[in-house]
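The values are calculated or read from the model by the stated rules, or taken from the named source; none is laboratory data. The shown structure was predicted, so the numbers you read here are calculated from the model rather than taken from an experiment. Every residue, glycine among them, receives a Cβ derived from its backbone with ideal geometry; neighbour counts consider all protein chains shown. Note: accessible area is taken over every heavy atom of the protein model, side chains too, but ligands, DNA and RNA are not part of it. Shrake-Rupley method; radii C 1.70, N 1.55, O 1.52, S 1.80 Å.
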Amino acid sequence: MNIPSHVAIIMDGNGRWAQKQNLPRIRGHEIGGERVEEIIRAASHYGVQYLTLYAFSKENWQRPAQEVSFLMDLLSHYLDHKLKKIRENNVRFNAIGKLTDLPGNIQKKIAYWIQETKNNTGLWATFAFSYSSRLEITEACQKIASEVAEGKLKPESIDEKTINAHLYTANLPDPDLLIRTSGEMRLSNFLLWQISYAELYVTEKYWPEFTQEEFAKAIEAYQKRERRFGLAAPLRKD
Ligand code: IPE
Ligand code: IPE
Ligand code: MG
């Protein structure tokens, strides 16, 4: 059936979805939270092994304080209430990003759920919080440079595996499919290194509209793709 092993999603468009129907932007974030649950279930159902969700970027801290504070409350609420269900579904919870930027109580909840679900064997659900791909790569460079300075690593032995091993995503394979909702054709600082050969799928649907049926469409689109990893393309039949 050719199911992507790792699906990454840029969950965009909560604010626009809400504004379109004269609701406050925060209502869009609330409904967006419901889609997160639905898509985790759908991905598990399809046998996707890794799902990585861009929930909050490093740049998103620059939004109005009220919106940021609402998002933190929502996240806190999500961690308290939704993760129980996630645990029952055998999902393994994971987080990437500059987690120390988050309020202390949220950091504790994240650590708790990582620990609580670490022996689960189902879908590996990774949330990106205060995430910046450029910062991730910068920090990897710093760590590698320290190892070189301490004499633990030779510059000439640094290869792609070394870089991978120093990223927040060290334990994850590269994404096979990257989905972005709400039509924007950009990466917004998400997994720049890791998506080198991912298939891209952009839908006009806003994230609160991205139901399991929309997820199924993305999987179907992926199944029609031909991945080549740099090899020569076959002759076209038309
Ligand atoms: C995505 O929706 C959620 C976050 C970035 C936190 P947005 O809040 O970016 O919604 P739009 O793109 O402004 O509509
Ligand atoms: C990307 O969405 C970040 C998340 C989905 C968490 P943004 O709304 O922040 O991206 P831009 O500003 O449109 O590039
Ligand atoms: Mg946006």
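When residues in the range 1-51 are screened for being farther than 16 Å from Phe210 by Cα and within 16 Å of ligand 2 (Cβ to nearest atom), 3 of them pass.
Residue pairs whose Cβ atoms lie under 7 Å apart, sitting 6 or more positions apart in sequence or on different chains, and linking a residue in the range 196-216 that is under 13 Å from Thr181 (Cβ atoms) to a partner that is surrounded by fewer than 18 Cβ atoms within 10 Å (Cβ to Cβ) and aliphatic (A, V, I, L, M), are Tyr201/Ala221; Val202/Met185; Pro208/Ile31. Looking at Ala149, Ala170, Ala125, just one residue is loosely packed, with under 13 Cβ neighbours inside 10 Å, more than 16 Å from ligand 1 (Cβ to nearest atom), under 30 Å from Ala221 (Cβ atoms) and of a type outside the set (Phe, Trp, Tyr), and that residue is Ala170. Condition first: touching a helix residue (DSSP H, G or I) at 6+ places or on another chain (Cβ under 8 Å), in a loop (DSSP other than H, G, I, E, B) and among the charged types (D, E, K, R). Now tell me which residues in the range 199-238 satisfy that. Result: Lys205, single match. Of the residues contained in the range 183-205, none is found to be within 16 Å of ligand 3 (Cβ to nearest atom), over 30 Å from Leu153 (Cα atoms), of a type in the set (Ser, Thr, Tyr) and surrounded by 22 or more Cβ atoms within 10 Å (Cβ to Cβ).
Residue selection: Leu79 satisfies the criterion of being over 21 Å from Phe215 (Cβ atoms), open to solvent by less than 40 Å² (accessible area, probe 1.4 Å), within 16 Å of ligand 1 (Cβ to nearest atom) and not β-branched (Val, Ile, Thr). Exactly one residue out of Leu71, Leu83 is assigned to a helix (DSSP H, G or I), more than 24 Å from Lys205 (Cβ to Cβ) and in contact with a Phe, Trp or Tyr (Cβ under 9 Å, 6 or more places away or on another chain): that is Leu83. Can you pull out the residues in the range 87-105 that are more than 18 Å from Ala170 (Cβ to Cβ) and buried (at least 20 other Cβ atoms within 10 Å of the Cβ)? Within the range 87-105, Val91, Leu102 qualify. Has the range 55-69 got at least one residue that is within 16 Å of ligand 2 (Cβ to nearest atom), in contact (Cβ under 8 Å) with a residue 24 or more places away in the chain and farther than 29 Å from Thr138 by Cα? Scanning the range 55-69, I find no residue that is within 16 Å of ligand 2 (Cβ to nearest atom), in contact (Cβ under 8 Å) with a residue 24 or more places away in the chain and farther than 29 Å from Thr138 by Cα, so the answer is no.
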